[in-house]
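Just so it is clear, none of the values below were taken in a lab; they were calculated from the coordinates. Since the model is a prediction, treat every value here as computed from it, not as a measurement. Cβ: placed from backbone, ideal geometry, glycine included. Neighbour counts: every protein chain shown.
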Amino acid sequence: MSKAVSALGGASHKGFAEVAEAGLRGMITVRGDLSSAAMKKAVKAAAGTAVPAARRIEIAGDKATAWMSPDELLVMVPYEAAQDTVAALEKALAGEHHLVADVSDARSVFTIQGAKAPEVLMKLCPVDFGTLAEGEIRRTRAAQVAAAFWKSGAEEFTLVSFRSVAGYVMGLLEVSSRAGGEIFPA
Amino acid sequence: MLTLECPYCGVKAEETELQAGGEAHLKRYGPGASDEEFEGYLFMRKNPKGVHFERWRHAYGCGKWFLAARCTATLEVFGTYPAQSTQPPVDLQAKIKAKRPNWEGYK
Amino acid sequence: MSTRLSKGGRLIDRSKPLSFTFNGRRMQGYAGDTLASALLGADQMLVGRSFKYHRPRGIIASGAEEPNALVGLGEGGKFEPNQRTTTTELFDGAVTASQNHWPSLEFDVGAINNKLGRFLPGGFYYKTFMYPRFAWKHVFEPIIRQSAGLGKAPTARDEDHYEYAYAFADVVVAGGGIAGLTAALAAAKAGKRVWLMEQTADWGGRAVVDAIEIDGKPAEDWVAETVAALSAMDNVTLRTRTMASGLFDHGYIMGYERVADHTPGDGRPRHRLWRIRAGHVITATGAIERSLSFAGNDIPGVMLASAVRDYVVNWAVSPGDRTVIVTNNDDAYRTALALLDAGLVVPTVIDARAEAKGALPEAVRARGVRVLAGHGIAKVKGGKRVTGVSVCIQEGEGAEIEAIACDAVAMSGGWSPVVHLWSHCGGKLIWDADRAMFRPDPNRPATGDDGAAMVTAVGSANGHLTADEVLTDAHKAAGGEGKAPAAAIEAEAPMMPVWIMPQGAGPALRMKMWLDPQNDVKVSDVQLAAREGYESVEHTKRYTTLGMATDQGKMSNINGLAILSDALHRPIPETGTTTFRPPYTPISIGAIAGEARGDIFQPLRRTPMHGWHETHGAHWEPVGLWRRPYCFLRTGEGVHDAVNREIRSVRNAVGLLDASTLGKIIVKGPDAGKFLDMLYTNMMSTLPVGKCRYGLMCSENGFLSDDGVVVRLSEDTWLCHTTTGGADRIHGWMEDWLQCEWWDWKVYTANVTEQYAQVAIAGPNARKLLEKLGGMDLSKEAIPFMEWREGTLGGFRARVHRISFSGELSFEVAVPASEGRAFWDALLAAGEEFGVAPYGTEAMHIMRAEKGFIMIGDETDGTVIPQDLNLQWAISKKKADYLGKRAQERSHMASPDRWKLVGLETLDGSVIPDGAYAVAEGVNANGQRNMQGRVTSTYYSPTLNKGIAMGLVKHGPDRMGEVIDFPVDDGKVVKARIVDPVFFDKDGEKQNV
């Protein structure tokens, strides 16, 4: 039995969209010079992606790399692979001024699925979904807490929050996806 | 509620995503500074009706501090620029001067 | 009598009757009715009582400007007071009740105020309740509270739910009349992202009621076609039942959508508050008709002419069989025609203008209706209902020329553009003397973040009162290509400003001319205010309460301004208007709260062990947004008992504290040591790898800001622990200095607070417990006090710190948060044989106080420097600089007279009240007793079996053994001796084993 559990144990709710806690995901904060050759190599090796441009997320299968700020990336890998990935990144960046921190257990991941998934987030985030680009990760707030999300499928968004507020975020998503709450009913 | 464009990530963020940090371009005075210098650094702040330079942090976004030139009377935003600036960019100063001919200029 | 007509009603569906109740009486209306039209259709003209005089009040208007017809709507968890019947759609089963009367609407005792009217003039409240002073609290306030407010506040929890939604558009158009539709279409055709909202359920505004022709079609058809065209465009969002409630900085416009007010119980959110960011805002908010000030203009049955027309045309409701029309403009003649078309009688049109020869008056004359030009109403006859009017010469003093029997009066004093949205964010107005109105000054609009105009007013909101002007204006303002839609209209003769009727009316009549029928403000009150020296319109408003009712004076504020200007002998524009503030009409508190209620009122931060605490008697203490167990209550145990038990178990066996909330920040880089030396008062760069050091952080003011244990993880990496409340703040503080001051220093930080669950295992059995889990050598030699090691404990990846906040042998162990709960469970299981018990924050606080450890927020309050707390040992003398150092050199900070930390022991062993002050001899310049100290922490110590306290006392450390006085409640004085703040295990033998 694994001792590691996500904050909400995979809770989900189905309203006009289906919202669910997606379970544990390996997440590693990487800070450094994003333009350096070492960084490019390290990220490619760790996540199989290029270093994303500003506000972009590069996805490669079950791994991804997201741009967090001009000197910060978030590398995402399967939860079990996090420690090895941290070690690999540390090794690849040795000699460079950098910081690698495992934050897998500090985060909660949610999915919002359905044709009207954006309407759930429209109620919570001051974000213009009309101009949100494909492959864009948006760091913002969901109601009263920090969140980041991106379009992870044709009818799916993935949202990341801090672990401690997972219950609050799930409450927000559940309330905002209640049947009857469609913003633009068909 | 204001909107300001973060110069680091290009997001036009609304005020709820930002943290205000007061006057920009303060010079720090530490040990060895005179009482007057230290008082000025710690307590004296401009409060102009008009052109003002401020610190803002894209707190709910990329987390970076940036600086904004803004009119406190009309809330017009002349521009935003990185926090790693010891004074407003020259082209921004020129832009402000063009829009506010009576502005006394930066410092 | 008001009644439902047998034919017509463009908005009602007679095949769908709806039943509702008013004051318990069962009534019937139709789908499409508003509550107001349904009440009128059921002959319920009397719907409430006024605020001050409790005068009978009827429906005056048909929209947002209605001042009178407010009811309590719903019951229990759906009850809401002050619902405006003219803007509330009828639904089946609606339960409504009139307000502000006792015992009944028909017979109201409070109406005695009406008889006392001349004793209750403007400013009555201010004049009367001044003296004697004691009477305010014991007589006036209770009486006013009893009689204040219209509706009653709900007592049950709101059953409905509410939400926000964010939207973005290039152009937001407020108002779905022909101006708004035209503007929206023009902007949409230009490729703009357009948002169009209309506050009512229907598009078209006045034009469809007045049945004008647009582009050769009936307005209704033109509106339907335009709406269909807009609906078909991807770049357009259309919202009915959505009011633009306010405009704010940088094009931020609030939309109040009443999603399910008309379909209660269907599961949808009741209201949705739209927070829209607009590139540009077009206000097409129309105009509101003004009342006329004649005596008795508040008697039920006196209505706005446009409203009468609306009721007849939209809802097939006749306000009366015989309706006298009184006007100063041509538009009101449309009401006469509408009434005649419906087969009703218009005995006379009374027109204040010297002549009435426009197309509309002629059309009315042609239908055989008498038009009395140059006349006015001297007074309206009737009590709870109009019975007739007394006609006079407008130029005269009000002598009755003839009496006309009627049961309704339709009045029109001209139109006021709805300039609220335009004005909310600083748009200015100009006085248009020809049309006697304030309208938006196109040269002084509210400006946006680019410094350019962010609002444009179009149509009648911009002062254009005829359909052809409205369409042209809206089309042009929205950048429309080609020709604007064109309307066929009758030419209208100019209106004539009429501020009182007749113009020479004496005091007796002026005392019966209502300006604000909800708040009972009359022409005479405003004139009195002017005589008493109130020159500013803002002051007059507050003195008389003109326009301060729930309708905010939409219908008649201009009349009041004109009266005030006249009384002050100055032109209206010099008097100006009062300030227009959002919301345009009241919006629900629920909508403002949005989703933030109940469990998600605010974020609750939970540690990985939160769920265990919850099921094991946690008595919670909020700490920031976290909730930490104050103590764990066992069956039958009180809080005090639980805390004492927990302390004893730590002191004698072993306890577990969930310390996961402590901030944890990684600081890494070649310059990290230098950076931390600036941040902390003590030296962190010299801390050897593997060791821990307690550190203090100060603000640039020198005041102590946070503390915590710093851990040297590797050559270039430190881990800084902060207080629970300080984690985000200190991380932000670090980033601030790194980004804005020392941006050339090579340092990265990462806030990993939530990555780890952290548990303090404290007590004599702590080592035994952890050794049972196994995996690491935890001997004194392997991990000495103030050192840390990484390894595996019971299969958990763990970082073990030997630090102690309790004074006991203590290990603080960090494991990945996802494994935190399992680790906690493992500790409890392994610790059973060692008497393990979890302990809460209060036990932690008491134990640290027994040891004389300070607590940020108790010993510090933002005015305390480390030196005050005798923490000189944690301030490096070697460093040239650290944040706060220069401030601590300021004369006041370096003064030997500062209050300093000491322990306090009461002579009788009791616990001193928290925050108690110690008095000194003499009094200060204000005659207040001098003070010499205060209590910062105070507890009952179960270890020492007596009260212990810490406090800041002037020259305290030099006064050991001295007894000082702490006056407390009821004149009692607690005597306490100044002692060493370390009460327990002074040599630290217990923690260092």
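Free of any GluC sites (Glu not before Pro) that DSSP assigns to a loop and that have at most 10 other C-beta atoms within 10 Å, the longest stretch within chain C is C:1-480.
For C:S412, neighbours were defined as the other residues whose beta-carbon sits under 14 Å from its Cβ, and their charges (Lys and Arg +1, Asp and Glu -1) total -2.
Only loop residues by DSSP count here, and only those with at most 10 other Cβ atoms within 10 Å; note down the GluC sites (Glu not before Pro) in region A:77-143 that meet that.
Values: sites: A:E80, A:E90, A:E96, A:E119, A:E134, A:E136; in loops: A:E96, A:E134.
Hits after loop and neighbour filter: A:E134.
The simple Förster model, with R0 at 22 Å and r as the Cβ-Cβ distance, assigns B:T86 and B:E37 a FRET efficiency of 0.80.
Of the residues B:E37, B:E17, B:E76, which exhibits the maximal mean-square fluctuation in a Gaussian network model of chain B defined by a 10 Å Cα contact cut-off? Its mean-square fluctuation being the largest, the pick is B:E37. Taking every DSSP beta bridge that has both ends in chain C, the antiparallel portion is near 75%.
Listing C:T3, C:T585 from the residue with the fewest other Cβ atoms within 10 Å to the one with the most, what is the order? If you can, show how the numbers build up before the last one.
Details: C:T3 16, C:T585 20.
Fewest to most other Cβ atoms nearby, the residues stand as C:T3, C:T585.
Scanning residues 5 or more positions from A:M27 or on other chains, those with amide H under 5 Å from its amide H are A:V77, A:V103, A:S104, with H placed 1.01 Å from N in the peptide plane. Between C:L713 and C:D599, what's the calculated FRET efficiency when r is the beta-carbon distance and R0 is 41 Å? Round to 0.05. With R0 = 41 Å, the Cβ-Cβ based efficiency is 0.60.
If you plug the beta carbon distance of C:Q872 and C:R634 into 1/(1 + (r/R0)^6) with R0 = 51 Å, you get a FRET efficiency near 0.75.
This model, with +1 at the C-beta of Lys and Arg and -1 at the C-beta of Asp and Glu, gives chain C a dipole about its Cα centre of some 1340 debye.
Axis of helix C:727-740 versus longest Cα principal axis of chain C: the two differ by about 90°, to the nearest ten degrees.
For every other residue with a beta carbon closer than 11 angstrom to the beta carbon of C:P56, add +1 if it is Lys or Arg and -1 if Asp or Glu, then tell me the sum. Working shown, then result.
Numbers: positive: C:R49, C:R55, C:R57, C:K384, C:R385; negative: C:E106, C:D108, C:D298.
Charge balance in the 11 Å sphere: +2.
Could you work out the local net charge near C:L11, counting Lys and Arg as +1, Asp and Glu as -1, over the other residues with Cβ closer than 15 Å to its Cβ? Overall, the nearby charge balance is 0.
For C:L18, nonlocal amide neighbours, meaning residues 5 or more places apart or on other chains whose placed amide H falls under 5 Å from its own, are C:G29, C:Y30, C:A31.
Remark: the protein assembly as shown carries a charge dipole of roughly 980 debye about the Cα centre, counting +1 on each Lys and Arg Cβ and -1 on each Asp and Glu Cβ. Partner lysines whose Cα lies under 22 Å from the Cα of C:K772, excluding those fewer than 8 positions away in the same chain, are identified as A:K3, C:K780, C:K990. Counting only other chain Cβ atoms within 10 Å of each residue's Cβ, the peptide C:162-169 averages 6.
Note on C:L907 and C:A920: the extension gain reaches 2.9 nm, defined as 0.36 nm multiplied by sequence separation minus the Cα-Cα distance. Rank B:L67, B:L18, B:L26 by mean-square fluctuation in a GNM of chain B with C-alpha springs under 10 angstrom and give only the top-ranked residue. Top of the fluctuation ranking is B:L26. Farthest toward the positive end of the dipole of chain C, out of C:H420, C:P688, C:W788, is the Cα of C:H420, where the dipole comes from beta carbon charges about the Cα centre. Cross-link reach is defined here as a Cα-Cα straight distance under 27 Å, omitting same-chain residues fewer than 8 places apart; for C:K16 the lysines meeting it are C:K7, C:K78. Phi angles of region C:806-811 translate, via the Karplus equation with coefficients 6.51, -1.76, 1.60 and θ = phi - 60°, into HN-Hα couplings of 10, x, 9, 4, 8, 10 Hz per residue; Gly and Pro are given as x.
For C:A366 and C:E621, calculate 0.36 nm times their separation in residues minus their Cα-Cα distance, and state this gained length in nm to one decimal. If you can, show how the numbers build up before the last one.
Numbers: separation 255, 0.36 × 255 = 91.80 nm, distance 8.04 nm.
Fully extending the segment from C:A366 to C:E621 adds 83.8 nm.
Under a 5 Å amide H cut-off, with hydrogens placed 1.01 Å from N, C:H161 pairs with C:R270 among residues at least 5 apart or on other chains.
How big is the shadow of the Cα convex hull of region A:39-98, averaged over all directions, in nm²? Provide the component values of the computation, followed by the final result.
On the way: hull surface 14.9 nm².
Average projection, Cα convex hull of region A:39-98: 3.7 nm².
A P(r) calculated from all alpha carbon pairs of the protein assembly as shown, with 10 Å bins opening at zero, reads 2, 8, 14, 17, 16, 15, 12, 9, 5, 2, 0, 0 percent.
Label sites at C:D641 and C:T579, each approximated as a point 7 angstrom past Cα along Cα to Cβ, lie 5.8 nm apart.
As a proxy for reagent exposure, C:V371, C:V380, C:V317 were ordered by neighbouring Cβ count within 10 angstrom, fewest first; the result is C:V371, C:V380, C:V317.
For C:K428, a cut-off of 25 angstrom between C-alpha atoms picks up these lysines, skipping any fewer than 8 places away in its own chain: B:K49, B:K99, C:K476, C:K541, C:K554. Once the mean of 1/r is taken over each pair of separate Cα atoms and inverted, region C:498-570 shows a Kirkwood hydrodynamic radius of 11.9 Å.
Taking 18 Å as the cut-off for C-alpha to C-alpha distance, list the pairs among C:K851/C:K877; A:K40/A:K91; C:K674/C:K877 that go past it. Cα-Cα > 18 Å for C:K851/C:K877; rest within.
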